[in-house]
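Heads up, the thing below is written out as structure tokens.
The values are calculated or read from the model by the stated rules, or taken from the named source; none is laboratory data. Fair warning: this is a prediction, and the values are worked out from it, not measured in the lab. For neighbour counting, all protein chains shown are included, and Cβ atoms are generated from backbone atoms with ideal geometry for every residue, glycine included. The protein model used for the area step is the full one, side chains on, heavy atoms only, and it has no ligands, DNA or RNA in it. Shrake-Rupley method; radii C 1.70, N 1.55, O 1.52, S 1.80 Å.
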Amino acid sequence: MVTYQYRCAACGDVDVRRPMGAATSHVPCPRCGADARRVYTSPRTRLVAPGLVSALDTAGASAENPQVVRREVAPRAPRHAHPLHARLPRP
Ligand SMILES: [Zn+2]
């Protein structure tokens with residue numbers, strides 16, 4: 001069974017479950033009986049982990065409305081692995 005989306009002028013979007021390939025361009029609205037036209041959407045063929053959905057939503061929200069940094073981050077002093085690097089001339 002596949003969930004097809006239809007749009008009723010009075011009720012808005014309604015979902016109708018039918019066998020794959022059995023969708024028609026119009027169906028009677030299951031709520032009010034008026035004519036509802038099919039809306040073509042992306043297929044929902046995979047289940048996505050809830051954590052991934054929340055991460056994608058957060059990333060999308062951050063891209064459009066990023067959080068403001070409230071304080072400036074001080075630059076870190078360079079760390080040298082070898083003690084003789086500290087004796088090299090500095091600019
Ligand atoms: Zn309706």
- prompt: Among the residues of segment 43-54, is any surrounded by 10 or more Cβ atoms within 10 Å (Cβ to Cβ) and either of a type in the set (Lys, Arg) or touching a strand residue (DSSP E or B) at 6+ places or on another chain (Cβ under 6 Å) (or both)?
  reply: yes
- prompt: Can you name every residue in segment 33-42 that is in a loop (DSSP other than H, G, I, E, B) and open to solvent by less than 70 Å² (accessible area, probe 1.4 Å)?
  reply: 33, 34
message: Cβ contacts < 9 Å: first residue under 15 Å from residue 41 (Cβ atoms), restricted to segment 11-25; second residue within 16 Å of the ligand (Cβ to nearest atom) and open to solvent by 70 Å² or more (accessible area, probe 1.4 Å), any location; separation 6+ or different chain. Result?
response: 13/7; 14/7; 14/30; 14/31; 15/30; 16/30; 25/37
- request: Output the residues belonging to segment 60-91 that are part of a helix (DSSP H, G or I) and surrounded by 10 or more Cβ atoms within 10 Å (Cβ to Cβ).
  value: 60, 61, 62, 85
